[in-house]
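One structure is given below, encoded as structure tokens.
The values are calculated or read from the model by the stated rules, or taken from the named source; none is laboratory data. Treat the numbers as computed from the prediction; the structure is a model and nothing was measured. Here the Cβ positions follow ideal geometry from the backbone for every residue, glycine too, while neighbour counts run over all protein chains shown.
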Amino acid sequence: MRHLRHLRPLACGLLLAAPAAAQGSGITSPGMPATGSGQTDRFSREFNPAISLAFDAYMDYVELDGAGDEGTHLELRSAEVLASAWIDPTAWIYATVASDGEELALEEASLQYLGLGDAHTLRVGRFFLDFGKQMQAHVHDLRTFERPLVLRELLGEEVKGDGLQWDWWSPAGDVTVVRTSLGVFQSLTPHEHGSEHGAAAGAEPWQEDRRDLGKLDFSGRVTALRDVGTNGQVQVGLSTRLVPELAYEDPASGNLSASGSNSVWGLDLTYGWVDDTATKSWTFGGEYLRANGALSAEVDLASNVVVNDGDASGYYLFLDHGLDRQSSVGAQYSRCQLVEAGAGDAREIDVYYTHYLSEFLRLRFSAGYADYDASPDALRLVIQLTGFVGPHDHGINW
Amino acid sequence: MKLPRRALLPLLVCLAASPLWAAGPARDPLQIVASVPDLAEIATAVGGPRVQVTSLTKGSENLHSVRVRPSMLVAVRRADVFLEAGLSLESTWLPSLLLTARNSKIAKDQPGFVNCSEGWAAIEVPTSLSREGGDLHPDGNPHFTLDPAAGPHVARRIAAALSEVDPDGAELYAQRLDEYLAAVAKKAERWQRLVEGMKGKRVAVYHVEFNYLTRYAGIETAVSVESKPGVAPTPRDVARVVRELEEQHVDLILTAAWSNNRTLTDIAEKSGAKVLELPTQVDGASWAKTWIDLLDGDLVRLREAFGLPALEDQGS
């Protein structure tokens, strides 16, 4: 067996290399990061994220009081993939990639760090604005087909930003909890805004890429929830979005407006009641918003960007009745001053019936009427189908 | 050296309070939070005066769609021990609640977190997992507390956990566990007599939550109003159920409070079948104050519904 002696170093080398091979790392070249994680290899499934799919499609019929784009329309409004996973015992991440049927975009990608102790959470990445009851939620998760008019108008349909947010909650007695959050963001202005009412929009929000810390955008919310008896609860909240430095740009000419600021404040109040079997429910509530500063801008004939600086306010009220575990009916009314100069006020009322065919498939019938001072009124009938597969949860919901 | 008069009063107060010190600091009861009332009641029986127990849900509630309220978050945050039924009964609401509460004492790897179905042999474990099968529970039917063997199983799990979290009370917990097991064993003899004559009888159910109880009684669950677990019946299902009730010669439909709805009324009117609402958890009816009462009362009512003669000591 003497001839096998020269194989000993090779055998020892293979034994020593075994743990590294099990980790899937071939070689770590000098100056490059180690690739082995210790518990997984490139194709391991055990520690992979939980994945969910969601789709939201609708067919609607629009009738305008006057000329315009009316008739029937079919659309896949969104298709979404969401993945969530713990990355260590104190932090978890999730990411949402969504398509509006044409373009694919990273909607959210956020790390939530819980290692600060108590009930503190530090959130880093791209995520939705924590404002009021609805802005954290994707549109397909809402009680109604669309976000209320006042939120779309004064904040935006969906507002997300790259930033950092601190979140904390605490009991206040046995039946009350208080939550607060503060966030700082690169930008909290919506990418699309305005033009849906027919008023000239033209200019788009513009912000310096690099600015002083105090000129970044901020969000804040404080909310309290309290049991009311054994079946009810009430929630009150105060929210703000502050944009200290904001200009508007004419995309065609590249002209910029003078720099201004924009702030929005909101006050929300909600009451919910559920019967002893957790099947029938009543919920009513509302939210009042007030915005001031640079609300919108238009481009005049000389390509100057003219900012509409002032105040605008509005509110929405809703009533929702859970008929049973699967079905609910409700109505929502929203009234708002439009942010475009001279556009006047608008009012929207929606009624809806929602039925869950199963826990994961939702069918909704909705009828809405919009009444605008300066553009044609609109009637809209919608059939919406929304499906979920897997753990579908976007984040905080209170 | 003379003590000033002003110093005498605090001194006297301290002296008067000294017997309290001798007795040791007052011990706060262990805060136990249970996801459902069955677990809470059994924990009270086992823990006795050393524990204070809160149930997050009500006995009549649909446990698959619980709405979390502020008081539940506060209770979970302050809990020393948390009891879950497990088998993904609470999967739609409990994981988020536990994550938000941030109570390290009841983290899943801590002795303060107790999965009461651990070690339980569940029925109806799906062989394949697809939403095509409805709202499936991967580990099997989670409504196990309606099995007469569940009380002792849960009581043992709770006693073991309490002894680990609160070793000073281990002797008391062991003693109370023995007493509880003896009480259940005594009732079990009566339950055996209560189910006499039920074997082979057929029932329909709205949801699969009575299947442990019917299995114990030898009753066949022949028809389900939900076509698949968790999927609400459609008008087509109403026609199917009416037809199946007739074909299978079933004239009794079991339901819980949350599912005793217009659909069942419609089916009952069309088929002539009788609807029997039974509580599935403690406090689901005024008479179901304990888990033992719940089992006993459900079996008594089943016996009555089948038209079987009452036992001499049957009660109501």
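Of note:
- Residue identified as among the hydrophobic types (A, V, I, L, M, F, W, C) and within 23 Å of A:E359 (Cβ to Cβ) among B:L56, B:L30, B:L39: B:L56
- If you filter the range A:330-345 down to residues that are under 24 Å from the mean Cα position of the chain (by Cα) and aliphatic (A, V, I, L, M), you find that the one that is surrounded by the most Cβ atoms within 10 Å (Cβ to Cβ) is A:L338.
Yes/no matrix, rows are residues, columns are (1) in contact (Cβ under 8 Å) with a residue 60 or more places away in the chain; (2) assigned to a loop (DSSP other than H, G, I, E, B); (3) not hydroxyl-bearing (S, T, Y):
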| residue | (1), (2), (3) |
| --- | --- |
| B:V68 | no, yes, yes |
| B:A75 | no, no, yes |
| B:S88 | no, yes, no |
| B:T92 | no, yes, no |
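- Some residue of the range A:132-142 being in a loop (DSSP other than H, G, I, E, B), charged (D, E, K, R), free of Cβ contacts under 8 Å to residues at least 60 places away in the same chain and more than 14 Å from chain B (Cβ to nearest Cβ): no
- Test for B:A161: is it under 28 Å from B:D80 (Cβ atoms) and more than 18 Å from the chain's Cα centre (by Cα): no
- Considering A:G272, A:G229, the condition of being within 14 Å of chain B (Cβ to nearest Cβ), without any contact (Cβ under 8 Å) to a residue 24 or more places away in the chain, closer than 26 Å to A:F318 by Cβ and out of contact with any His (no Cβ under 9 Å at 6 or more places or on another chain) is satisfied by A:G229 alone.
- Number of the condition not met by B:G307 [criteria: (1) assigned to a helix (DSSP H, G or I); (2) modelled with pLDDT of 90 or more]: (1)
- Taken together, A:Y372, A:Y315, A:Y353, A:Y333 contain a single residue that is more than 12 Å from every other protein chain (Cβ to nearest Cβ), at pLDDT 95 or above and within 30 Å of A:A203 (Cβ to Cβ), which is A:Y315.
- Which listed residue, of A:A291, A:A343, A:A370, A:A312, is outside any strand (DSSP E or B) and in contact (Cβ under 8 Å) with a residue 60 or more places away in the chain: A:A343
- Where A:S181 falls short, out of the listed (1) buried (at least 19 other Cβ atoms within 10 Å of the Cβ); (2) among the hydroxyl-bearing types (S, T, Y); (3) more than 14 Å from chain B (Cβ to nearest Cβ): (3)
- Here the helices (runs of 4 or more DSSP H) wholly within the range B:134-232 that include at least 1 residues being outside the structural domain of B:T92 (by TED's automatic domain parsing) and under 30 Å from A:G390 (Cα atoms) are B:211-217.
- A residue that is modelled with pLDDT of 95 or more and hydroxyl-bearing (S, T, Y) occurs nowhere in the range A:194-203.
- Residue check, B:K228 without any contact (Cβ under 8 Å) to a residue 40 or more places away in the chain and surrounded by fewer than 19 Cβ atoms within 10 Å (Cβ to Cβ): no
- Meets criteria (among the basic types (K, R), over 25 Å from B:G119 (Cα atoms) and buried (at least 21 other Cβ atoms within 10 Å of the Cβ)) for B:R69: yes
- Some residue of the range B:246-254 being surrounded by fewer than 17 Cβ atoms within 10 Å (Cβ to Cβ), within 12 Å of chain A (Cβ to nearest Cβ) and in a loop (DSSP other than H, G, I, E, B): no
- All positions within the range A:149-184 that are in contact (Cβ under 8 Å) with a residue 60 or more places away in the chain, more than 27 Å from B:V68 (Cα to Cα) and not in a loop (DSSP other than H, G, I, E, B): A:L149, A:V150, A:E153, A:L154
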